[in-house]
Structure formats: C-alpha cells, structure tokens
Amino acid sequence: MKTADLLNNIEYNEKRPAIQVMLDTDAGKEIRIAFKKGQVMKEHQTPFPIVVEIFEGSIDFGAEGQTHELKKGGLIALDGNVPHDLKATADSIVRLSLNKADKTERVENVARH
C-alpha cells in the first residue's frame, strides 16, 4: 500500500508550474502540478489517455479547439494524442493521472517550456 497527500509539502515555482510525483504504482502515476496564477503549460500531447482534476483553484483547459473553464472539483479526461494546453486563472493545484507507460519526464519537459 502507498499513500500520498495533495496538500503536503506544496511548492510553487515562480517561473513555471511545479511538478511532483505523488504516487507511482503498478497501474499508473498520480502527479501534482502546482500553478501560480498566469502560469501555462503550452500545447502538448501524450500517446496515452489522461485524467486531469482541478483540486484547488481554476484552469483554462484548451483541447480540440475549445477552452474549458475548470474550477475546483472539475475533471476532464482525454484520449491519447489529443493536443491540449493549460493556463492557471488562479493559484491552482492540479492532479494528473497518467498511464503507467507514460513518462513523468515528458510532463516536466512541458512545464519547463
């Protein structure tokens, strides 16, 4: 058994979203992304399906030519290979559920650019 807490040891980065792997299990990875208001993750995609939860704050989530305003408690699921982008409209905590075969480094690289 593994446990994690999305509210423990939250660290924001002043220049870009802060990525932290919360759980890495046989089934998948749970990642916390801490955004300061105005921070973005430019358009990117993954070959695997994902689920994004807005745990705190609000995010403009762009996908398939539409922007979805997601607030605390909002969820969105995407199939693989769907380009998407995120912009924090408030300080936010996002939970990203990744397929086990996906790489955390890919997410970190998106946050850096």
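Read-outs: derived from the displayed coordinates by stated rules, not from any lab. It should be emphasised that the depicted structure is a prediction, and the values quoted were computed from it without experimental measurement. Glycine also receives a Cβ, built like all others from the backbone with ideal geometry; neighbour counts cover every protein chain displayed.
Go ahead and collect, in residue order, the members of segment 16-57 whose backbone nitrogen is under 18 Å from a label point 7 Å along the Cα-Cβ direction of Ala77.
Those under the cut-off are 27-31, 46-55.
Can you pull the one-decimal nm distance between simple spin-label points at Thr3 and Lys42, each 7 Å off the Cα toward Cβ?
Here the answer is 4.1 nm between the modelled labels.
Using +1 at the C-beta of Lys and Arg and -1 at the C-beta of Asp and Glu, which of Val107, Tyr12, Gln45 has the Cα lying farthest in the positive direction of the dipole of the chain?
Tyr12
Sequence neighbours fewer than 8 away in the same chain don't count; with that in mind, list the lysines whose C-alpha is under 29 Å from Lys100.
Here the lysines satisfying the reach criterion relative to Lys100 are Lys2, Lys15, Lys29, Lys36, Lys42, Lys71, Lys72, Lys87.
Hey, in the GNM for the chain with a 10 angstrom Cα cutoff, which one of Ala18, Ala27, Ala77 fluctuates hardest?
Looking only at Ala18, Ala27, Ala77, the largest GNM fluctuation is found for Ala27.
Restricted to Cα positions, what overall size does segment 18-112 have along the principal axes? Three whole-Å values, descending.
If we take the Cα atoms of segment 18-112, the spans are 33, 26, 25 Å.
For the pair Lys15 and His68, what calculated FRET efficiency results from E = 1/(1 + (r/R0)^6), where r is the Cβ-Cβ distance and R0 = 22 Å, to the nearest 0.05? Write down the numbers at each step before the final one.
On the way: r = 25 Å, r/R0 = 1.15.
Efficiency at R0 = 22 Å is approximately 0.30.
For segment 1-83, run through the GluC sites (Glu not before Pro) and keep only the ones in DSSP coil with at most 11 other Cβ atoms within 10 Å of their Cβ.
Hits after loop and neighbour filter: Glu11, Glu14, Glu64.
If I build a Gaussian network model for the chain, linking alpha-carbon pairs within less than 10 angstrom, which residue out of Val52, Val40, Val82 has the largest mean-square fluctuation?
The residue with the greatest mean-square fluctuation here is Val82.
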